[in-house]
Amino acid sequence: MGAIRDPEATKARIFAAASDEFAAHGIAGARVDRIAREAKANKQLIYAYFGNKAELFSQVLEKRLMELAVAIPVDAEDPDGWIDRLVDYHAAHPDLIRLVFWEGLEYGSGGIPHEQERKDHYARKIAAFTEAQEKGVISDAIPAQDLLFMMIALASWSTVQPQMRRIVVGDTDEDQDRLRASLRAAARRLTRA
């Protein structure tokens, strides 16, 4: 009698292996055979589940972005607290921001797979900032979509450029605490009503 197959467990192993592989090598550099080996899955099964490597990358990134959205819901009414939570999340999950940057390197300013779903995802976050602006809780001096973009950049850049952070800011605990306080102050200034 053969082993019992569990497609959901197999997909979970594939997603985990693919996330690591894509974070390390991007779409072009990732190898499906390495993903299959790490996931203990058949390479043909990966293609059967996901179609191709680019689609697998897209699904992995979407899943990881949804995990972030669930873990750290947008809080436009507490921008410095939200920045703090995002910084912590990116520090604990640096592979997510690497995936986002690989996507940017691979696709540039052209369209990405499932772009409408991504727009819908961010539209909900923009709506939270718009609502906070309409309530007068935060400033409306910067359009909500631009404000969200800047806040994401503030929260993620330290993870994207750890060498620059170390060289420019410093690498001691005190340096990190000062940077964190500066990020909160920047978020407050950008949103001050």
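The values are calculated or read from the model by the stated rules, or taken from the named source; none is laboratory data. All values derive from a computational prediction rather than experimental measurement. No Cβ is skipped: glycine too gets one built from the backbone with ideal geometry, and neighbour counts run over all protein chains shown. The accessibility values were calculated without ligands, DNA or RNA, using every heavy atom of the protein model including side chains. Shrake-Rupley method; radii C 1.70, N 1.55, O 1.52, S 1.80 Å.
General observations
- Verdict on Leu99 being in a helix (DSSP H, G or I), under 30 Å from Leu183 (Cβ atoms) and at pLDDT 95 or above: yes
- For Ile46, the stated conditions do not hold, so it cannot be described as of a type in the set (Val, Ile, Thr), touching a helix residue (DSSP H, G or I) at 6+ places or on another chain (Cβ under 9 Å) and within 19 Å of Trp102 (Cα to Cα).
This table checks each residue for (1) within 30 Å of Leu179 (Cα to Cα); (2) touching a helix residue (DSSP H, G or I) at 6+ places or on another chain (Cβ under 8 Å); (3) open to solvent by 50 Å² or more (accessible area, probe 1.4 Å).
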position: Glu8; (1), (2), (3): no, no, yes
position: Ala12; (1), (2), (3): no, no, yes
position: Ala18; (1), (2), (3): no, yes, no
position: Ala39; (1), (2), (3): no, yes, no
position: Pro73; (1), (2), (3): yes, no, yes
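- Single match in Ala144, Ala155, Ala193, Ala132 (criterion: open to solvent by less than 30 Å² (accessible area, probe 1.4 Å), modelled with pLDDT under 95 and among the hydrophobic types (A, V, I, L, M, F, W, C)): Ala155
- Looking only at segment 20-37, residues that are surrounded by fewer than 17 Cβ atoms within 10 Å (Cβ to Cβ) and outside any helix (DSSP H, G or I) come to 1 in all.
Condition check ((1) in contact (Cβ under 8 Å) with a residue 24 or more places away in the chain; (2) open to solvent by less than 60 Å² (accessible area, probe 1.4 Å); (3) more than 15 Å from Ala153 (Cα to Cα); (4) touching a strand residue (DSSP E or B) at 6+ places or on another chain (Cβ under 6 Å)) across all residues:
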| position | (1), (2), (3), (4) |
| --- | --- |
| Val70 | no, no, yes, no |
| Leu96 | yes, yes, no, no |
| Gly108 | no, yes, yes, no |
| Pro113 | yes, yes, yes, no |
| Tyr122 | yes, no, no, no |
